[in-house]
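Worksheet for the structure shown next.
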Amino acid sequence: MPQQPQFDHVFQLLPTPSVLLLPDAPKFTIVAVNKAFLETMISLEEDLIGKGLFEAFPENPDDLISKGSSNLMNSVEQVSYKKESHKMPLQKYNMLLPGTSKFKVGYFNVQNIPVKDDNKINYILHSVEDVTDKKKLEIAFESQGQRFNDLYQQAPSCMGILMGPNHVYEMANPTYLQLINKKNIIGKSVKEIRPETVEQGLIEILDQVYKTGKAFSSNERP
């Protein structure tokens, strides 16, 4: 860390988890780290200072799919070469838990900013935004949505899901399509697909359910 007490104080107060790197590619030595970064990465300052960025945060050898480390290397090399900031899209990282050989998955938005003196880069400010909880929640919702869709499509009952005051088909399972003997109904209204329902009073029932929010059921209805 440069001997600038005021800079060091401000750096430590930054709410964004950040580290200061030397532009000594391919090592990118860590020379300073703020408290927010240590808390986010569950790390100790003495375990990071003086180490290369990719030495301190190695790849998980068992994860052959994630490209977080290689993408980060490309980003800091680009900043070092072009002397311009680079903001990375959402990245998945495997973080080595201190004192273990186990990795923890995290999701981060990353930005790398050159700290320049005239046209010379002295450091690279590497900042991260931890969005792990948000991403895991999205994944859980997607998983639940897929599970619902699978159950819906495989259900033995005839089911269609309608949207809006015009009762537009949003979903319909195969059993329902077979019952009405129609295809390509998604995005079209019940009245358009089944005009006979107007005289049968079904549209009036759907209007009532949509407006009141009260369920309607009928047994052995012709």
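The conditions of being in contact with a Gly (Cβ under 9 Å, 6 or more places away or on another chain), modelled with pLDDT of 85 or more and not acidic (D, E) are not met by Q78.
In the stretch 99-110, is there at least one residue being open to solvent by less than 70 Å² (accessible area, probe 1.4 Å), out of contact with any strand residue (DSSP E or B) (no Cβ under 9 Å at 6 or more places or on another chain) and either within 20 Å of P58 (Cα to Cα) or of a type in the set (F, W, Y) (or both)? Yes; the residues of the stretch 99-110 include at least one that is open to solvent by less than 70 Å² (accessible area, probe 1.4 Å), out of contact with any strand residue (DSSP E or B) (no Cβ under 9 Å at 6 or more places or on another chain) and either within 20 Å of P58 (Cα to Cα) or of a type in the set (F, W, Y) (or both). The set of residues in the stretch 77-95 being open to solvent by less than 70 Å² (accessible area, probe 1.4 Å), under 22 Å from the mean Cα position of the chain (by Cα) and among the hydrophobic types (A, V, I, L, M, F, W, C) consists of M88, M95. Just one of the numbered conditions (1) of a type in the set (D, E); (2) open to solvent by 80 Å² or more (accessible area, probe 1.4 Å); (3) closer than 30 Å to M73 by Cα is not true of D130: (2).
Taken over the stretch 172-193, the criterion of being of a type in the set (K, R) and within 21 Å of Q153 (Cβ to Cβ) is satisfied by K182, K183, K188. Within the stretch 173-220, the residues that satisfy the criterion of being of a type in the set (G, A, S) and open to solvent by less than 100 Å² (accessible area, probe 1.4 Å) are G187, S189, G201, G213, S218. Does Q91 satisfy the criteria of being assigned to a helix (DSSP H, G or I), over 16 Å from I30 (Cα atoms) and not aromatic (F, W, Y)? No, not satisfied.
Within the stretch 51-66, does at least one residue satisfy the condition of being over 14 Å from A25 (Cβ atoms), basic (K, R) and in contact with a Lys or Arg (Cβ under 8 Å, 6 or more places away or on another chain)? No, there is no match, as no residue in the stretch 51-66 is over 14 Å from A25 (Cβ atoms), basic (K, R) and in contact with a Lys or Arg (Cβ under 8 Å, 6 or more places away or on another chain).
The values are calculated or read from the model by the stated rules, or taken from the named source; none is laboratory data. As the structure is a prediction and not an experimental result, all values here were calculated from the model. Virtual Cβ from ideal backbone geometry, glycine too; neighbours counted across all protein chains shown. For the accessible areas, the whole protein counts, side chains as well, though only heavy atoms, and no ligand, DNA or RNA atoms are used. Shrake-Rupley method; radii C 1.70, N 1.55, O 1.52, S 1.80 Å.
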